[in-house]
Every structure is written in C-alpha cells, then in structure tokens.
Amino acid sequence: MITPRFKLSQDDNYLFVTIHAPFSRVSDAEIYMDGTDFRFHSNPYYVRLNLPGEIIENDEAKAHFDADTNEFKITCPKVTKGTYFQGLDMLSSLLKPKGKRGVDSKDIEVLGETCTEDDSESDFDWFVEQKVETETDLPSSSSRYGFGLKHSGLFATLAEELHQVVDVKNPDNQSVAERRTERLEQERSEFNPEHYLADFFQTDMIDPLVHYQLPSRVGEEWTEAETNLLKNFPNKDFLLDHDQLQSTYLGLVDILLAYCYDTRITMSDPTVESAWAIAKISGTLSWLENFTSIRQVVECFLRRSLCFPLFRSFKLSLKAIEDACCILKEGRTSVLRCFLQIYQLFNKSDPRYLLNQLYIHDYCVWIQKSNDETLASLSESLKSMELTKEDVNLNLVDLERAAINLMCNSDDSSEESDLEEQMAQLTLKKKPVLSAIPTDLQVAAEAARMISSSESDLDSDDVSSSEESD
C-alpha cells in the first residue's frame, strides 16, 4: 500500500482531511472515523492517523472527490465542539496508531535513564554547563556522537566518507573535551585577519545582507516535497535523560544558527555551497560537538562564522542569531521547516547525506514531538545574551584598531600623494603588484601583519625576560 500525500486543517467544529490520491478508484474508497482513529483506503492508497482529539462519524460527516486536483476532501465532525487539535502539521507523529502492534521495539530508542520534557524542562538552565556523564565516565575508546550520542565506531567502517564531511580526525578514540580542544586550535589557525578586515572595511557587499529581512512562512502549508518527506519519516520516540535532552536542544540551536547564517548570506536562495557552509559552520556537524551551555553554542558559532564562509562579518553573525531567535519563538513548525531544508540540501551533496543519518533525520522526527515552550525559552536565552567581539577570542578589536590607525596615519602623512604611491609604501606578502589590490584590502593586510609582528615581539620579549631571570 502507498501512503498518500495528505494535509489537515480545522475550525471550531470540524477536522478537514485532504488526501491526494490520483490513481484511486473513487467507488472503492472506504473511510473510517471513530475517536482518535481515522482511516482511509482506496486501492492502492492507505492511511491511518492517530489524531490528537476525538472525531465522530454522524450525519454531519461528509466526503467528496475533486477531479481537478485528484483529492479526496473529507469533513470529520469533532466530538467536542470548540476543541482545538494540537500538532496537526506534525504529519509523521500522526501516522502511527496508538498502542503497540507487535513485539518489535525498534520504533523506541532508549538513550540512558529517561525523563519526559514536561517533567524536566523547568529544570533547564541554558547558561549553566551540565555534566555530561556519558563522556566523562566512559573511556575514550567508547566515545559516542550523533543525535542523542547514540553512535560510535562508525569511523572504522566509513572513515573515507566521513572524513570528507567532518573535520575531526579520530572521534572514536577521543572524548568531547579532546575534540573541543582540537576544534579551538583549528579555528585559531584558520582565522584569516586579512579576509575579516577586508569585509570589515568593504561593506558594499555586507550591508545588503545585514539589512535583508528573512521571509516568514508562519501559517503556510507544507510544500509537496516537505509533505513527502514527513509522511516517509518513522514515528519514533527518543527517550532521553535530562542531560541528553538539554544537549539535544543545544545541538538544535547550533545547527539552526549555521542554517540562518547561510540563509542570510544567500538571501534565502541556497547555492551549491550551502550544504558545505551549514556543515562547516556548525560545530555539531563538523566536530561532532556535544554542547553543555548556550554560551558554548554561540561562541562556537561566532568563531566559525568568522573563519569559513565567503562573507565574514560580526554584524552578519549577530543578525543570524536574531533570525534563530525568531524561528525558535515561532515554534516547532518553523524549526522543522529549516531542518527539512537542511535534510534536502545534504541529500543532494554527496557524501553529506551521512550527516542526515547521524543527526538531521532524527532531528526531523524528534522536533515534531519537541516542546514549544522549551524552544521559546531557548529563544529568550539567545536574545538576552550580551555579545561582544571579545567573546570570540580572535583579537578582533585589536585588529580593527590597528587597521584604523594605519589608515589615519596614511592619510595624515600623504594627503597630497597619489593613491598608488601611498599604497606602494605598504607591504603585502605574495602581492607584489599593489595597484591592482583594493585600498581597504591592502590596509587590512598591513594591519594584520602589524598585529602578527607585535604578538611575535611580545613572545620574544617574554622569552628574553625568562632567560634573564634564569
């Protein structure tokens, strides 16, 4: 049997079910509605829904087939008039009937001691680092990663494919702390002061991205592609303990921030680089990070958004955080739309489909049963954070100050000189023809060189002083 594409809507008195069944025989259609159970069968289509509220088959129930759209449109009376059915857009969670129908327990994944979100969400403090026992208590040879920390040992069989996707080299034999240390070292070495300062001064490309308004899809119906994905996802429960649940929410924020940054710099029109950018900016996806506080998430995002994308601007990073706040506040439907788009991007970007298997697929299933209040609290926590360039720990303030001072000194000393003669006084490694380089880029490069040289001088002074004391 084929599960057809369907959608649900409601008013105070009725539930409306629309089923797209182009190859069915209308005369063979069978419809059943009783309590929370709804069933539709018309060969070769079959769908059974477990509804969040009760319906009843009476004289008010009706159905008809629209030949223009090839859709059955079914009206189901509600048992209690005025009742609002929650979660009608979470299609995957509606598809499985209530109760167990066999001995197979694969649809339930128990990850540690379990707790429900309703019992634990009030205990979440997003700013306090939680102890992750699964990492500190296990030997490094048993390190786990992926959604809910449920995977381990994958790099032994998929090493070549996974190493094309993630930056971490040996996660099966590293703890989270060891991976984090290597990640921070990579970010320090990959940060390019010249690139950052070029984007800092040359704002003609950055400003339109900063002022871009992301379109809202609140209230829109699922697209055909989104509906096809949702109806094919399993209805699976992830029973997470308190720390795993908090870490899962923080990982969601990390991935969402990376998505928002790419959405802003592409102006909601993903490019062939979008899958790479999202995976690279997210510490969860690129380093298999397991965050324990919201500040860890934001600092990681800020650093990576200034190290890897085409546009590297602190203002852009802050705008992406604002975008994520809005999406989280809108609730799980908006968050799910973002993750469905990430899922589709990764599926088209070999071998990043592996990230879908590690994280995104399970997130798409889990988000449908996540808590809107918890997502709203994450939004408020992000919004309340006071973020400065010092938080990034990449020497941004000193770089900008040195570049500005260099520009001022250059203007004072050679006001009447030709621009080409002024730039000839600056040195830029590997760029002998200065006249072809934009002025701001040359200043940025020179400022970066000055900062680098001053740091090396300080290091040498420290060494000299230590030798004299000896």
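Distance from the Cα centroid of the stretch 367-387 to that of the stretch 213-272 is 14 Å (rounded to whole angstrom). Applying the Karplus relation 6.51 cos²θ - 1.76 cosθ + 1.60 with θ = phi - 60° to the stretch 262-267 yields 3J(HN,Hα) values of 5, 4, 6, 6, 9, 6 Hz, where x marks Gly and Pro.
Projecting the Cα positions of Ala258, Ile327, His242 onto the charge dipole of the stretch 235-389 (unit charges on Cβ atoms of Lys, Arg, Asp and Glu, taken about the Cα centre) puts Ala258 furthest along the positive direction. Simple spin-label estimate for Lys169 and Asp37 gives 5.9 nm between the two label positions (7 Å along the Cα-to-Cβ direction from each Cα).
Considering all C-alpha pairs of the stretch 362-405, those separated by over 17 Å amount to 60%. Subtracting the Cα-Cα distance of Asn228 and Glu380 from 0.36 nm times their residue separation leaves 51.4 nm of extension gain.
A 1.4 Å probe, protein heavy atoms only, puts the accessible area of Phe65 near 60 Å².
For Thr203, which sequence-distant residues (separation of 5 or more, or a different chain) have an amide H within less than 5 Å of its own amide H, given hydrogens modelled in the peptide plane? Close amide H contacts, sequence-distant or interchain: none at all.
If the segment from Leu310 to Ser189 were pulled out straight at 0.36 nm per residue, it would be longer than the present Cα-Cα gap by 41.9 nm.
Working note: Karplus 6.51/-1.76/1.60 with θ = phi - 60° gives the stretch 231-243 the couplings 6, 9, 6, x, 9, 10, 9, 10, 9, 9, 6, 4, 5 Hz, where Gly and Pro are set to x. Taking 22 Å as the limit for the C-alpha separation, the pairs Lys7/Lys319; Lys169/Lys236; Lys280/Lys315; Lys7/Lys348; Lys150/Lys231 exceed it in the case of Lys7/Lys319; Lys169/Lys236; Lys7/Lys348; Lys150/Lys231. Accessible surface of the stretch 272-340, 1.4 Å probe: 58 percent of it comes from carbon and sulfur atoms. Evaluating 6.51 cos²θ - 1.76 cosθ + 1.60 at θ = phi - 60° for every residue in the stretch 173-182, the Karplus couplings come out as 10, 9, 7, 4, 4, 5, 5, 5, 4, 5 Hz, glycine and proline recorded as x. Backbone N atoms of the stretch 158-194 closer than 19 Å to the 7 Å Cα→Cβ label point of Gln357 belong to residues 158-173. Extension gain, Cys408-Asp237: 0.36 nm per intervening residue step, less the Cα-Cα distance, totals 55.4 nm.
The values are calculated or read from the model by the stated rules, or taken from the named source; none is laboratory data. Computed from a predicted model, the values in this text were never measured in an experiment. Cβ coordinates were reconstructed from backbone atoms using ideal geometry, including for glycine residues, and neighbour counts include every protein chain displayed. Just so you know, the surface numbers come from the protein's heavy atoms only, side chains and all, with ligands and any DNA or RNA stripped out. Shrake-Rupley method; radii C 1.70, N 1.55, O 1.52, S 1.80 Å.
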